[in-house]
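Notes follow the structure.
Coordinate-derived values only; no laboratory data. Model, not experiment: these values are computed from the prediction. We place every Cβ from the backbone using ideal geometry, glycine too, and count neighbours over all the protein chains shown.
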Amino acid sequence: MKQRLLVMNGQKLVQNEMDGTWKTIKVTKAPDLKAGIYNIYLAKEAETINHSYEGLIVHIDKDFFYQKSGKDFIKHPSKYFLKLPEVGKNITVQYDNETTQTNETIPTKTRKLSH
């Protein structure tokens, strides 16, 4: 089943594709998420052996949490974490052998200087 997030006006709509059309199944607040469409059905499974991911948490369901890391979405299995991160937080998720760790990070903003 395809699932996406539609973020607008401070709201997050969780939508499933049914018979070629998108149906809204849940509406919640969208803390710190930019307006847009987040196609989380394209999420890649997290590599859970000695790998790390940095990015914004965009959605949490009963089995996974979804992170936007660069241009990709990463799907992390919730069962590996004692405490789940919050939607809208920028975090680093670190997988080391049999352990996991999350740390909140501060995104860096870059500016171009014009002459």
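Amide hydrogen proximity for residue 12: with H placed 1.01 Å from N in the peptide plane, the residues at 5 or more positions away or on another chain lying under 5 Å are 28, 29, 30. Selection among 7, 105, 64 by position relative to the dipole of the chain gives 7 as farthest towards the positive end (Cβ unit charges, Cα centre).
For percent of Cα pairs over 18 Å apart, the value calculated from this model appears in [x] 58; [y] 53; [z] 62 under label [y].
Placing +1 at every Lys and Arg Cβ and -1 at every Asp and Glu Cβ, with all other atoms neutral, what dipole size does the chain have around its Cα centre, in debye to the nearest 20? Using Cβ point charges on Lys, Arg, Asp and Glu, the chain gives about 560 debye.
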